[in-house]
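**Q** Just passing along the structure, written as structure tokens.
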Amino acid sequence: MSFPALHIDTLGSQGQDIVLLHGWGVNNQVFSPLKSALHQYRVHYVDLPGFGLSGNIDGDITQWSQALAAQLPQQAIWIGWSLGGLIASQIAIDYPESVAALVTIASSPCFMSREANELNPTWPGIQPDVLAQFSSQLSRDLTRTVERFLAIQAMGSDNPKADIQQIKSLVLSKPLPTQQGLSQGLDMLAQVDLRTRMAQIQQPWLRIWGKLDSLVPRKIISALPQSDSIEDVVLNKASHAPFISHPELFLSHLLPWIIKYSQKSPNNTLALVKY
């Protein structure tokens, strides 16, 4: 199946391929604070379907993942924030040749809270009525809906107003997301449940959490797979966007991990001092 071309800003011409996937309501500009620290790698900053400069792609997370895997290099390190982490996890499972290593930031295999069933215990997450409100508001006021969600992401942060303003200033340089892209993304947050598939992720996996995150509670860590190639990092003063609120601390964990699992990365010794 062929898909419309996604908008991907690729910086750098050598070194390990790195793919960055943003979260709901924003675009690849949200990762601007990381660009100088990753300058020696070949980094692909993706606008997800319907976000930034990327057109819509019909379907659900299956079609989005297929389109992303087809348009990005294999054996890359995939870094996904929030919804982007969910999508990167799906790709690591379904297209393992695409993902040499995985980084998820403030992300969950199941964003919505769930009652216990025969397969899983009670799961903490976003309350269903919260996502339902966002979905119903989308058709009435797209801009206000996105701004409300950004505000929730900063809850618990040391400087929530500054964090919100920084995210808004970064992402408003591009068009607002399409209603279709936003609706599809909300559906993924509400419906996708990868909990029973997490053990299929065999790649090295770094999981970065904000202790103060109001959307993705860190207590889910104990319910996720553990192995020698999986590392969990909890940033005690961070909320849902740790690379915005605490960039130096965030990079102090991310950069050594990238060096460890890079397959082709020249001048790796420089990475630790370039942020």
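**Q** For the range 3-37, which positions are in contact with a Phe, Trp or Tyr (Cβ under 6 Å, 6 or more places away or on another chain) and either part of a strand (DSSP E or B) or of a type in the set (Ser, Thr, Tyr) (or both)?
**A** Once the filter is applied, which keeps residues that are in contact with a Phe, Trp or Tyr (Cβ under 6 Å, 6 or more places away or on another chain) and either part of a strand (DSSP E or B) or of a type in the set (Ser, Thr, Tyr) (or both), the range 3-37 yields ASP9, ILE18, VAL19, LEU20.
**Q** Further, regarding this structure: GLY181 is checked against (1) open to solvent by 40 Å² or more (accessible area, probe 1.4 Å); (2) in contact (Cβ under 8 Å) with a residue 40 or more places away in the chain and fails just one. What number does that condition carry?
**A** (1)
**Q** Give SER252, SER222, SER214 a once-over and let me know the one that is touching a residue at least 40 places away in the same chain (Cβ under 8 Å) and either closer than 29 Å to VAL171 by Cβ or part of a helix (DSSP H, G or I) (or both).
**A** SER214
**Q** Something else: ILE208 versus (1) in a loop (DSSP other than H, G, I, E, B); (2) aliphatic (A, V, I, L, M); (3) within 25 Å of HIS253 (Cβ to Cβ): which is the lone unmet condition?
**A** All conditions are met except number (1).
**Q** Additional query: List, please: which pairs have Cβ atoms under 8 Å, are six or more places apart or on different chains, and start with a residue in the range 24-36 that is surrounded by fewer than 23 Cβ atoms within 10 Å (Cβ to Cβ) and end with one that is assigned to a loop (DSSP other than H, G, I, E, B) and among the aromatic types (Phe, Trp, Tyr)?
**A** Taking only residues 6 or more apart or on different chains, the pairs are SER36/TYR275.
**Q** Can we say LEU189 is closer than 21 Å to HIS240 by Cα and either among the hydroxyl-bearing types (Ser, Thr, Tyr) or modelled with pLDDT of 95 or more (or both)?
**A** When the stated conditions are applied, LEU189 passes them.
**Q** Quick test for you: out of ILE164, ILE152, pick the one residue that is touching a Leu at 6+ places or on another chain (Cβ under 6 Å) and open to solvent by 20 Å² or more (accessible area, probe 1.4 Å).
**A** ILE164
**Q** Now for a separate question. Out of the range 38-52, which residues are hydrophobic (A, V, I, L, M, F, W, C), assigned to a strand (DSSP E or B) and closer than 14 Å to LEU68 by Cβ?
**A** VAL46
**Q** For the range 107-118, does any single residue satisfy the condition of being open to solvent by less than 20 Å² (accessible area, probe 1.4 Å) and aliphatic (A, V, I, L, M)?
**A** Within the range 107-118 (the criterion being open to solvent by less than 20 Å² (accessible area, probe 1.4 Å) and aliphatic (A, V, I, L, M)), the answer is no, since none of the residues qualifies.
**Q** Search the range 162-203 for residues being part of a helix (DSSP H, G or I) and of a type in the set (Gly, Ala, Ser), and hand back the single one that is farthest from the chain's Cα centre (by Cα).
**A** ALA162
**Q** What helices (runs of 4 or more DSSP H), lying completely within the range 67-161, carry at least 3 residues that are without any contact (Cβ under 8 Å) to a residue 12 or more places away in the chain and of a type outside the set (Ser, Thr, Tyr)?
**A** 128-138
**Q** For the range 1-23, give me each residue that is polar (S, T, N, Q), in contact (Cβ under 8 Å) with a residue 12 or more places away in the chain and surrounded by fewer than 16 Cβ atoms within 10 Å (Cβ to Cβ).
**A** Of everything in the range 1-23, those that are polar (S, T, N, Q), in contact (Cβ under 8 Å) with a residue 12 or more places away in the chain and surrounded by fewer than 16 Cβ atoms within 10 Å (Cβ to Cβ) turn out to be THR10, SER13, GLN14.
**Q** Tell me which residues, restricted to the range 249-260, are open to solvent by 50 Å² or more (accessible area, probe 1.4 Å) and closer than 16 Å to SER229 by Cβ.
**A** Once the filter is applied, which keeps residues that are open to solvent by 50 Å² or more (accessible area, probe 1.4 Å) and closer than 16 Å to SER229 by Cβ, the range 249-260 yields HIS253, PRO256, LYS260.
**Q** Here is a follow-up. Of the residues that sit in the range 39-51 and are in contact (Cβ under 8 Å) with a residue 60 or more places away in the chain and closer than 24 Å to PRO256 by Cβ, which one is least open to solvent (accessible area, probe 1.4 Å)?
**A** In this case the residue turns out to be TYR41.
**Q** Give the number of residues within the range 52-91 that are farther than 20 Å from GLN200 by Cβ, surrounded by fewer than 24 Cβ atoms within 10 Å (Cβ to Cβ) and not aliphatic (A, V, I, L, M).
**A** Total satisfying the criteria: 7.
The values are calculated or read from the model by the stated rules, or taken from the named source; none is laboratory data. None of these values were measured; they are calculated from a predicted model. All Cβ positions, even for glycine, are placed from backbone atoms using ideal geometry, and neighbour counts span all protein chains on display. For the accessible areas, the whole protein counts, side chains as well, though only heavy atoms, and no ligand, DNA or RNA atoms are used. Shrake-Rupley method; radii C 1.70, N 1.55, O 1.52, S 1.80 Å.
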